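Engineer: Before I ask anything, let me first share the structure, which is written out below as structure tokens.
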Amino acid sequence: MKFHIRTLGCKMNQLDSARLQAALMAAGHEQVNNEEEAEYSFVNSCTVTAQADRKSRQSANAASRTAQQVSVLGCSVRIDADRWRESLPDALIFDSDEALLKYFDATDHSPLLPVSSRTRLQVAIQTGCDDTCSFCITTLARGDHRSLPAEQIIEQVQEAQRQGINEIVLTGINLAAWGSPNSKFKPQLARLHELLACLLAKTSMARIRLSSIGPQYLQPEFWDVYADPRICDYLHLSMQSGSDPVLSAMDRGHGTAELLNIAERARQVRPNTALAADLIAGFPGETEDHHQQTVGLIKELGLSKLHVFPYSSREGTLAATIKDQLPTAVKKGRAPEI
């Protein structure tokens, strides 16, 4: 069959779509760039916010007007498959990867490298999350935190080298928690630095880049490894706010002290380090003073790149039940000020 894939959401979703592509092609199916030629259009959905969920449904509806058959997978389906079946009764709804692969006579033992880029490869090192951030539903959509074995990761990077890849991007739902048996209650047991040390010792990969990292998971030993020039001097922080009261209400597991420490240590080791961050504007209960604290901390940290999102209430999260929800105009007004 001929297939087309639409992907919404994060890098892990992109990686999941790449794996699906590789598995289907290994089973003899053909990918097409023009959706009108597709017998099946796969929509890999996102549900991180209510807006992401709406966009996923809009994309599935658009695909249904183009392709012969729509198949929906991903985080939104895992959260509420029945709702998807009600809204798109003619679509195939897959709430597990195993069911999807079985339906198309495919397996996940297809080519080791699911990404076709000649120069850069995303490498998943963990998935899931045990954290309880009050705005996030990913813990339900992706399940518990699970670290992939170091041997498997090293094997994939070595194969990438053999295929001429010169840069990898380590990716995960809670990347920096790699190695911890429980990312919520044992962040001090995270061992990202040990994995990086193994990759440096057992591969000759020229550039190792990190995607978004949780500040509370970086151990003191991380900075010894970060000194190696093969580790990209760019850190993207899952920061979300620069106000301690807001971070506490978000149940982030870290405060502003960890953020300041990362900025200081990173630039001690690698003076040219560039720092980026994800931020939410207008979280429930956020005051103007809290907002200004975030603005001030961004300047103090010297952040060079920001991903800022107005808070979007997501049904099923604790934050959605907080009474002090801010007006849309306030949330949208604060976002460009950050």
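Engineer: Residues to consider are L303, L297, L326; find the one that is buried (at least 16 other Cβ atoms within 10 Å of the Cβ), of a type in the set (A, V, I, L, M) and assigned to a helix (DSSP H, G or I).
Structural biologist: L297
Engineer: Another one. Considering each residue of segment 139-170, count those that are assigned to a helix (DSSP H, G or I) and in contact (Cβ under 8 Å) with a residue 40 or more places away in the chain, and give that number.
Structural biologist: 13
Engineer: Sort through S71, S17, S56, S41 and tell me the only one that's crowded, with 16+ Cβ neighbours inside 10 Å, of a type in the set (S, T, Y), at pLDDT 95 or above and part of a helix (DSSP H, G or I).
Structural biologist: Of the residues listed, the single one that is crowded, with 16+ Cβ neighbours inside 10 Å, of a type in the set (S, T, Y), at pLDDT 95 or above and part of a helix (DSSP H, G or I) is S56.
Engineer: Within segment 178-186, identify whether any single residue is modelled with pLDDT under 95 and either touching a Ser or Thr at 6+ places or on another chain (Cβ under 7 Å) or over 29 Å from C75 (Cβ atoms) (or both), and answer yes or no.
Structural biologist: Yes; the residues of segment 178-186 include at least one that is modelled with pLDDT under 95 and either touching a Ser or Thr at 6+ places or on another chain (Cβ under 7 Å) or over 29 Å from C75 (Cβ atoms) (or both).
Engineer: Do you know which residues across segment 306-321 are surrounded by fewer than 19 Cβ atoms within 10 Å (Cβ to Cβ) and either without any contact (Cβ under 8 Å) to a residue 40 or more places away in the chain or part of a helix (DSSP H, G or I) (or both)?
Structural biologist: The answer is L306, H307, V308, A320, T321.
Engineer: At least 2 residues that are over 20 Å from the mean Cα position of the chain (by Cα) and aromatic (F, W, Y) in each: list the helices (runs of 4 or more DSSP H) lying fully within segment 181-271 that qualify.
Structural biologist: 222-226
Engineer: Next question. Looking at this structure, is L275 in contact with a Lys or Arg (Cβ under 9 Å, 6 or more places away or on another chain), more than 20 Å from A124 (Cβ to Cβ) and outside any loop (DSSP other than H, G, I, E, B)?
Structural biologist: yes
Engineer: Can G253 be described as small (G, A, S) and either open to solvent by less than 50 Å² (accessible area, probe 1.4 Å) or over 20 Å from Q219 (Cα atoms) (or both)?
Structural biologist: It is false that G253 is small (G, A, S) and either open to solvent by less than 50 Å² (accessible area, probe 1.4 Å) or over 20 Å from Q219 (Cα atoms) (or both).
The values are calculated or read from the model by the stated rules, or taken from the named source; none is laboratory data. Since the structure is predicted, the reported quantities are computational estimates derived from the model, not experimental observations. So basically every Cβ, Gly included, is an ideal-geometry build from the backbone, and we count neighbours across all protein chains shown. When the accessible area is computed, the model is the full protein with side chains, heavy atoms only, and any ligands, DNA or RNA have been set aside. Shrake-Rupley method; radii C 1.70, N 1.55, O 1.52, S 1.80 Å.
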